[in-house]
Amino acid sequence: MRTTQSMMTAALALLAAAAGTGCGGRSGAEQKPPPGIPVAVYQVDTGRATYYDEYPATVSALEQVDLRPEVSGYLTGLYFRDGQHVLKGTKLYAIDQQHYQAAYDQATANLAVARSNLAKTQQDVDRYTELSKNDAIARQTLDHAIADLQSAKSQVSALEANQKSVATDLRYSVIYAPFDCTIGISLVKVGSAVVAGQTLLNTVSSDDPMAVDCAVDEKQIPRFAEIMGKKTLPRDSTFTVVLPDGSTYPYPGHLSLLDRAVDPQTGTLRIRVVFPNPRGELKAGLTCNLRVRNESRSSTVLFPFRAVVEQMGEYSVFVLNGEKVSQRRVELGPRINDMVVARSGLAPGEQIVVDGVQKLRDNATVSVAPPPGKPVADASGVK
């Protein structure tokens, strides 16, 4: 009885094992690979784009001078209001002139005495020369007179130089505006002692037009050199300024110069754009952004900005390769509405993922849900 029961149990166990093996075999045969990540793609193409490149810039005066006295003394007069616009030659400061006037008067008197002595010595030489022709005077007397004449001439020359020197000091005791300019806040008051070449009195600078200086990458030199060479074409709309409050300066500028050399440490070149400043809105030292119009003559690679993945300051996109995607770095240009310019990294005809990028990693398998997006033939505007 027990033997029969044991045999039946063993047979049931064998049947169960056989059944399990059969089911497992069918599951393995019917197992499929996991589905790809659903994404939407866009076919990259080229188009015409008009946009602006922006460069951090600083406003500076075309002419700027620190006013320092050329002579020492006490300040006796200020002849302007702080912040006033003054014309070239306007009297600004006066330093006590008494000492310099007295020195000039003395130098003038000494020069007059020396010139009188020179005239007397010249007369002696002329007279002795005539007498010498008739042997009516010793040759030695004439020689001495000629020597005295040369000495008198030298003395007159020395005193003339001294008079010019003290006259210069007297003239420098009054300080005038070197050009049409706006003067700043005076750093000294009447009665202050000033030292020649050391004391800073004030700073003056021209205010119309004004310069906007910025540094551009050395790769951009041919572009700006081409703009610089367009002497006969209108260039005003190429350059505009964005002020610190975000507003656009109403007057366009023109490229004035490219610096003589590239900075070897930064690989940049300094450029200067000149803007009219009739209302005085541009102040020296103001920080702003210089906008340079970039109207591409050739086709530009454009694609939707939402395809961009940013990581640690670097940008990349996922490029479709069959059923997989590969992550590729790209160099971006400016935004144009919802599109962005690809400076490098993408070629026309390639397909990139625009929806579903958050779920992707390099070499991931994908399934394209909608058909590829149609290329954009033209895009313009400013973001």
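The values are calculated or read from the model by the stated rules, or taken from the named source; none is laboratory data. Small disclaimer: the values here were computed from a predicted structure and weren't measured. Please note: Cβ atoms are built from the backbone with ideal geometry, for glycine as well, and neighbour counts cover all protein chains shown. Ligands, DNA and RNA are excluded from the accessible area calculation, which covers all protein heavy atoms including side chains. Shrake-Rupley method; radii C 1.70, N 1.55, O 1.52, S 1.80 Å.
If Gly184 meets every condition in (1) within 20 Å of Ile95 (Cβ to Cβ); (2) open to solvent by 30 Å² or more (accessible area, probe 1.4 Å); (3) at pLDDT 90 or above; (4) not polar (S, T, N, Q) apart from one, which number is that one?
(2)
In the range 296-308, which residues are touching a Phe, Trp or Tyr at 6+ places or on another chain (Cβ under 8 Å) and either open to solvent by 40 Å² or more (accessible area, probe 1.4 Å) or without any contact (Cβ under 8 Å) to a residue 60 or more places away in the chain (or both)?
Val308
Please determine, by comparing only the residues of the range 66-99 that are part of a strand (DSSP E or B) and open to solvent by 50 Å² or more (accessible area, probe 1.4 Å), which one is farthest from Ile175 (Cα to Cα).
Selected residue: His85.
Give the residues of the range 200-214 that are among the hydrophobic types (A, V, I, L, M, F, W, C) and open to solvent by less than 50 Å² (accessible area, probe 1.4 Å), sorted by residue number.
Matches in the range 200-214: Leu201, Val204, Met210, Ala211, Val212, Cys214.
Asn117 versus (1) more than 27 Å from Ala102 (Cα to Cα); (2) surrounded by 12 or more Cβ atoms within 10 Å (Cβ to Cβ): which is the lone unmet condition?
Among (1) more than 27 Å from Ala102 (Cα to Cα); (2) surrounded by 12 or more Cβ atoms within 10 Å (Cβ to Cβ), the lone unmet condition for Asn117 is (1).
Of everything in the range 163-192 that's of a type in the set (D, E, K, R) and more than 26 Å from Pro209 (Cβ to Cβ), which residue is farthest from the chain's Cα centre (by Cα)?
Among those that are of a type in the set (D, E, K, R) and more than 26 Å from Pro209 (Cβ to Cβ), it is Lys164.
Could you say whether any residue in the range 270-285 is in a strand (DSSP E or B) and polar (S, T, N, Q)?
no
Table: residues versus (1) touching a Leu at 6+ places or on another chain (Cβ under 7 Å); (2) polar (S, T, N, Q).
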site	(1), (2)
Pro304	no, no
Ser316	no, yes
Val319	no, no
Ala342	yes, no
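Take Glu314 and tell me if it is surrounded by fewer than 16 Cβ atoms within 10 Å (Cβ to Cβ) and modelled with pLDDT of 80 or more.
Spelling it out, Glu314 is indeed surrounded by fewer than 16 Cβ atoms within 10 Å (Cβ to Cβ) and modelled with pLDDT of 80 or more.
If I filter the range 328-343 for residues that are open to solvent by 80 Å² or more (accessible area, probe 1.4 Å), touching a Gly at 6+ places or on another chain (Cβ under 7 Å) and at pLDDT 80 or above, do I get at least one hit?
There is at least one residue in the range 328-343 that is open to solvent by 80 Å² or more (accessible area, probe 1.4 Å), touching a Gly at 6+ places or on another chain (Cβ under 7 Å) and at pLDDT 80 or above.
Condition check ((1) within 22 Å of the chain's Cα centre (by Cα); (2) over 27 Å from Glu218 (Cα atoms); (3) open to solvent by less than 20 Å² (accessible area, probe 1.4 Å); (4) touching a residue at least 24 places away in the same chain (Cβ under 8 Å)) across all residues:
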| position | (1), (2), (3), (4) |
| --- | --- |
| Thr268 | yes, no, no, yes |
| Val274 | yes, no, yes, yes |
| Asn277 | yes, yes, yes, yes |
| Glu310 | no, no, no, no |
| Ser326 | no, yes, no, yes |
| Ala347 | no, no, no, yes |
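Looking for something in a helix (DSSP H, G or I) and touching a helix residue (DSSP H, G or I) at 6+ places or on another chain (Cβ under 6 Å) - is there at least one such residue anywhere in the range 214-230?
no
Please work out if Asp207 is in contact with a His (Cβ under 8 Å, 6 or more places away or on another chain) and either basic (Lys, Arg) or in a loop (DSSP other than H, G, I, E, B) (or both).
Spelling it out, Asp207 is indeed in contact with a His (Cβ under 8 Å, 6 or more places away or on another chain) and either basic (Lys, Arg) or in a loop (DSSP other than H, G, I, E, B) (or both).
Mind checking which residues of the range 169-181 are at pLDDT 90 or above and either assigned to a helix (DSSP H, G or I) or among the β-branched types (Val, Ile, Thr) (or both)?
Leu170, Arg171, Tyr172, Val174, Ile175
Checking Arg260 against (1) in a loop (DSSP other than H, G, I, E, B); (2) touching a strand residue (DSSP E or B) at 6+ places or on another chain (Cβ under 6 Å), which single condition isn't satisfied?
In the conditions (1) in a loop (DSSP other than H, G, I, E, B); (2) touching a strand residue (DSSP E or B) at 6+ places or on another chain (Cβ under 6 Å), Arg260 misses (2) alone.
Kindly indicate the residue of the range 353-363 that is out of contact with any Leu (no Cβ under 7 Å at 6 or more places or on another chain) and surrounded by 13 or more Cβ atoms within 10 Å (Cβ to Cβ) and also farthest from Asp338 (Cα to Cα) among those meeting that condition.
Only one residue tops the list, namely Leu360.
Any idea which residue in the range 218-227 is nearest to the chain's Cα centre (by Cα), counting only those that are open to solvent by 70 Å² or more (accessible area, probe 1.4 Å) and at pLDDT 85 or above?
Glu218
Out of Gln140, Gln150, Gln123, Gln155, report the one residue that is touching a helix residue (DSSP H, G or I) at 6+ places or on another chain (Cβ under 6 Å) and open to solvent by 80 Å² or more (accessible area, probe 1.4 Å).
On inspection, the qualifying residue turns out to be Gln155.
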